[in-house]
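Enquirer: I have a structure I would like to understand better, so I am pasting it below and will then ask my questions one at a time.
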Amino acid sequence: MFKPVDGSGGKGIVIGPAASEATLSDIRVKVLEDPRRWIAQEPVALSTALTYVDGQMGARHLDLRPFAVNDGRDVWVVPGGLTRVALPARSLIVNSSQGGGSKDTWVLAATDARGSEVSPSVPAGTAPRPMHSSAPVLGPLPEQDSQQQ
């Protein structure tokens, strides 16, 4: 897969194994002209799930974006996330600006092989229990201080 460095939202991505010879020749010329403008990576085999599109069920590629919260002292992962779905059939681009969709994903309960709950539910109105983190030590923070990372 080739992606322009200044591209965003799935714009300009070329999936090599799915590209025509003409597209690959064109990309080769562009990469050789300005290699610092391009990033290459192996295609990632995304999972698929049945998805209702245009009145029919079909397999679509998707990825899960979990949310981690960092209040400057602790980091925890929110139980759930955002599932991004590639709505065009066989597309590996899950970005909504390129025809993809999304949906909320909730984790209701998790159990280990013995059936014991791994991630206990959080009572309404309480904060999730922080998980251990290798977040950098920020030093003393004012009580009102918060940040997004």
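What follows draws every value from the coordinates through simple rules; no lab data is involved. On a predicted model such as this, the values are computed, not experimentally measured, just so you know. Note that we place each Cβ from the backbone using ideal geometry, even for glycine, and neighbour counts take in every protein chain shown.
Enquirer: For LYS30 and ALA89, what is the calculated FRET efficiency with R₀ set at 25 Å and r taken between the beta-carbons, to the nearest 0.05?
Expert: The calculated FRET efficiency here is 0.35.
Enquirer: What ranking of LYS103, LYS30 emerges when the number of other C-beta atoms within 10 Å of each C-beta is taken as an exposure proxy, fewest first?
Expert: Final ranking by Cβ density, sparse to dense: LYS103, LYS30.
Enquirer: Still on this structure, please answer the following. How do ARG84, ARG28 rank when sorted from fewest to most other Cβ atoms within 10 Å of their own Cβ?
Expert: By the 10 Å Cβ count, ascending: ARG28, ARG84.
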